[in-house]
Amino acid sequence: MPSFLNVRPFQSWRVRTKLVALTVPFVAVVTVLAAWGIHLRDRVILEEKLVQRARSLSTQIMADRQYYTSVVIPRAIELGGSVGEDYRHVPGRFPLPATFVREVSDITAMVGEGYTASLISPWPINKRKGATDQFQQEAFAYLLENPNEVYYRTDSISGRAVMRFLTTDRASVQACADCHNAHPGSPRHDFALHDVMGGLEIVIPMDRYLKEERRGFLMILMWGGGIGLFLISVVGWGARQAIIQPLAKLTERLQRTLRAERGRSSPAGPAGSANEMARFEQAYLDLQTLLDKQQKQIQLAAAPTEQRIETHLAALFDAQEHLHLVIDHAKHAIFYLDRTGVIRWANRRAMSLTTRLIPDLIGRNFLTLLTPESAALAEARLAAARRGEQVPSVAEFEAVLPSGGSRRIEATVATVQEAGEMVGRLLVAYELIPPVSSAPE
């Protein structure tokens, strides 16, 4: 596999380089496909244009020959002239209609980009005007079956690209058929009026058109290349504004946080790396490592508090050996509150009683779970307990549920002391179900 397709080196590239590397092939492929599609479309349009031109030329040539045959020749004969191929050597003789068409075509062909027109036939009097090549043979095979159609295709003559067009030539007047029938060199002597006697072939050079087409193709590629460069510039600028700069700022913020926490410079990423993603990933991993370390420290610091909670719970239930089983499967909700009333621990039953998850309970002041009236009552009890006053161990509260409703609960409250000082409160609570009144008789 080529190195530029290898996944690992690609991942180590900068963000902008990756985007440009992905954009360039896309732009190149789209440009080439678009240019090729336009080239094919232009080729079809060119062929249609050349065929239309050949039709027009054919119509014009046939009209000229018809006029020559029906007007010039009769007038020349009336004046005592004659017609024949040897008109150059015989005074008073005029060229045959076919000769007229051929020599006018030769004059036109002398122009560099001019067309050639030639009358040919499967039954030629002049053997040089027979169907001599594959195109002419295929064309007559088609036209004899479809005399009202035309036959054309692109071809190459003497290494030159041309459009060849062949249409039928019919006996437009009886004199044409009679002339061919009477000629001793004619292979066929049964022509009738309107019969197909041959065809008019028009050959149009395509060099100039193909040159223009190639120039257009190159122009499309150049325009596509220019648009591609502009698109690549936009992608590069957009990557810088939307990805690179925000990512660099975020990486710097992570690194500043690391430096503030560690009290020293933090790594800026892999050595020698210019990859923004690699630097961000390294900063993220360093911050994650630091957070994991701090989490462990917090857990170690909280371990004595959790041990005290378990000790107080064990004293309350007087069942140390079954403590965890009792806590997990206790019938009532159990909360441990610190001196300020903040929930520091709760069992599973507390979730169903308050319809809140444990993470939502821990760190929340217990008073925020109560209605304003119940919160005021609980605050008064807590203040009295902090002052060392005796307060009832059982209390009723109205708890507010996340759904918007409320629930009446009853709690047994125990004060947790250390060295004669209150350090927390332990609540064992359950829902207080109102009695169902009996229906009147």
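The values are calculated or read from the model by the stated rules, or taken from the named source; none is laboratory data. No experiment lies behind these values; they were computed from the predicted model shown. For neighbour counting, all protein chains shown are included, and Cβ atoms are generated from backbone atoms with ideal geometry for every residue, glycine included.
A few notes on this one:
- Restricted to the range 125-171, and to residues there that are hydrophobic (A, V, I, L, M, F, W, C) and in a strand (DSSP E or B), the residue that is farthest from the chain's Cα centre (by Cα) is Leu166.
- Residues in the range 103-118 include at least one that is within 50 Å of the chain's Cα centre (by Cα) and either crowded, with 18+ Cβ neighbours inside 10 Å or assigned to a helix (DSSP H, G or I) (or both).
- Test result for Pro392, loosely packed, with under 14 Cβ neighbours inside 10 Å, assigned to a helix (DSSP H, G or I) and either within 60 Å of the chain's Cα centre (by Cα) or at negative phi (or both): no
- Of all residues in the range 395-411, exactly one satisfies the criterion of being exposed (fewer than 15 other Cβ atoms within 10 Å of the Cβ) and over 22 Å from Asp360 (Cα atoms), namely Glu396.
- Condition check for Ala76: over 24 Å from Tyr209 (Cβ atoms) and in contact with a strand residue (DSSP E or B) (Cβ under 7 Å, 6 or more places away or on another chain): yes
- The single residue among Leu325, Leu353 that is over 18 Å from Glu421 (Cα atoms) and either at pLDDT 85 or above or part of a strand (DSSP E or B) (or both) turns out to be Leu353.
- Restricting Val72, Val27, Val15, Val20 to those that are of a type in the set (A, V, I, L, M), surrounded by 14 or more Cβ atoms within 10 Å (Cβ to Cβ), over 30 Å from Ala161 (Cα atoms) and modelled with pLDDT of 85 or more reduces the list to Val72.
- The range 119-139, subset surrounded by 14 or more Cβ atoms within 10 Å (Cβ to Cβ) and more than 19 Å from Ile204 (Cα to Cα), residue modelled with the lowest pLDDT: Asn126
- Residues that are among the small types (Gly, Ala, Ser) and within 20 Å of Glu379 (Cα to Cα), drawn from the range 334-366: Gly341, Ala346, Gly363
- The sole residue among Leu229, Leu291, Leu250, Leu285 that is at pLDDT 75 or above and farther than 25 Å from Thr17 by Cβ is Leu291.
- The range 78-102, residues that are under 22 Å from Pro187 (Cβ atoms), part of a helix (DSSP H, G or I) and either β-branched (Val, Ile, Thr) or modelled with pLDDT of 85 or more (or both): Thr99, Val101
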